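First the structure, in the form of structure tokens, and then the observations on it.
The values are calculated or read from the model by the stated rules, or taken from the named source; none is laboratory data. These numbers were taken from a predicted model, which means no experiment stands behind them. No Cβ is skipped: glycine too gets one built from the backbone with ideal geometry, and neighbour counts run over all protein chains shown. With ligands, DNA and RNA removed, areas are computed over all heavy atoms of the protein, side chains included. Shrake-Rupley method; radii C 1.70, N 1.55, O 1.52, S 1.80 Å.
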Amino acid sequence: MRDYEMIRENDRILIGLSGGKDSLVLSLVLAVLKKRSPVNFDLSACIIDQSNGSMNTGALLEFMKILDIPVRVEPHSTYEIIEAREERSPCSLCANFRRGLLATAAKEENCNVIALGHHKDDAAETVLLNLCYGGHFKCFRPNIFMTRTKLRVIRPLVYVEERNTALEAERLALPVTSSCCPYGEDTKRITAKKLLAEIEKEVPTIKSNLIHALKNCCESESWK
């Protein structure tokens, strides 16, 4: 958070709440930080229900109520659209829908920042995806201003490994909600995750090494 100046005085932050372990840990972290931080900021959250109403949000809403974070639920027929279009790249289209819906919700909630739960594994996997399938070395940025929407997007968990968010979610018995995505087990990201796991057997520090390389890559200025 400090390295990338993620939270600034009077920021109004909208958490992208998927119901997974990462976004739940992120919500808890920000709620605790809000009470202790010398920087004043406000929190709210948005659940994008891409099953258009089939997602069970009861436990999530109760948890966020305990954290004193207001939540809005946005139903969207993402999966129906993907199926109807016989979409070849469902993950890309889904991400575009989600990004647009979150930006709209942030604007309507008078927020200037969107917080996402991407962690170190996500960053490392994205590097491998871009390298293997796109031929370039880059990744999403920890803190970036989106010129089209005039919103900042921050990723406070970018130094945290996925295994640690999983352990913490289990230890605290967070109400993790399983994804109802029909495409979640057959994606290029799953392939990248498996590849990363294989590399990690020989190079245990591979994730940190990739993050360090990003920081020193002149094309990724915000990672410096």
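Go through the range 87-99 and give me each residue that's at pLDDT below 80, in a helix (DSSP H, G or I) and exposed (fewer than 14 other Cβ atoms within 10 Å of the Cβ).
Passing the criteria: only Ser92.
Does Leu102 satisfy being open to solvent by 50 Å² or more (accessible area, probe 1.4 Å) and either over 23 Å from Leu14 (Cα atoms) or at pLDDT 95 or above (or both)?
When the stated conditions are applied, Leu102 does not pass them.
In the list Phe145, Phe137, which residue meets the criterion of being open to solvent by 50 Å² or more (accessible area, probe 1.4 Å) and at pLDDT below 90?
Result of the check over Phe145, Phe137: Phe137.
Which ones in the range 49-86 are touching a residue at least 40 places away in the same chain (Cβ under 8 Å), among the hydrophobic types (A, V, I, L, M, F, W, C) and surrounded by fewer than 15 Cβ atoms within 10 Å (Cβ to Cβ)?
Ala59
Restricting the first residue to the range 128-152 and requiring it to be within 15 Å of Gly16 (Cβ to Cβ), which pairs with a second residue that is open to solvent by 100 Å² or more (accessible area, probe 1.4 Å) and outside any loop (DSSP other than H, G, I, E, B) meet a Cβ separation below 8 Å and a spacing of at least six or different chains?
Thr149/Lys107; Leu151/Lys107; Leu151/Phe145; Arg152/Phe145
Given the structure, is Gly117 in contact (Cβ under 8 Å) with a residue 60 or more places away in the chain, open to solvent by less than 80 Å² (accessible area, probe 1.4 Å) and under 25 Å from Leu60 (Cβ atoms)?
yes
Tell me which of these Ala59 doesn't satisfy, since it passes every other one: (1) touching a Lys or Arg at 6+ places or on another chain (Cβ under 7 Å); (2) in a helix (DSSP H, G or I); (3) not polar (S, T, N, Q).
(1)
When Met64 is evaluated against the numbered criteria (1) farther than 29 Å from Arg163 by Cα; (2) assigned to a helix (DSSP H, G or I); (3) touching a helix residue (DSSP H, G or I) at 6+ places or on another chain (Cβ under 7 Å), which criterion, by number, is the only one it fails?
(1)
Determine, yes or no, whether Asp3 is in contact with a Phe, Trp or Tyr (Cβ under 9 Å, 6 or more places away or on another chain), at pLDDT 95 or above, of a type in the set (D, E, K, R) and more than 27 Å from Ile81 (Cβ to Cβ).
Details: in contact with a Phe, Trp or Tyr (Cβ under 9 Å, 6 or more places away or on another chain): yes; at pLDDT 95 or above: no; of a type in the set (D, E, K, R): yes; more than 27 Å from Ile81 (Cβ to Cβ): yes.
No: the conditions fail for Asp3.
Say whether the condition of being open to solvent by less than 30 Å² (accessible area, probe 1.4 Å), within 19 Å of Val158 (Cβ to Cβ) and outside any helix (DSSP H, G or I) is met by at least one residue in the range 20-33.
Yes, some residue in the range 20-33 is open to solvent by less than 30 Å² (accessible area, probe 1.4 Å), within 19 Å of Val158 (Cβ to Cβ) and outside any helix (DSSP H, G or I).
With respect to Glu161, is the statement that it is acidic (Asp, Glu), within 19 Å of Ala45 (Cα to Cα) and surrounded by 14 or more Cβ atoms within 10 Å (Cβ to Cβ) true?
Spelling it out, it is not the case that Glu161 is acidic (Asp, Glu), within 19 Å of Ala45 (Cα to Cα) and surrounded by 14 or more Cβ atoms within 10 Å (Cβ to Cβ).
With the checklist (1) under 28 Å from Lys194 (Cβ atoms); (2) assigned to a helix (DSSP H, G or I); (3) of a type in the set (Val, Ile, Thr) in hand, flag the one item Thr104 doesn't pass.
Only one criterion is unmet by Thr104, namely (1).
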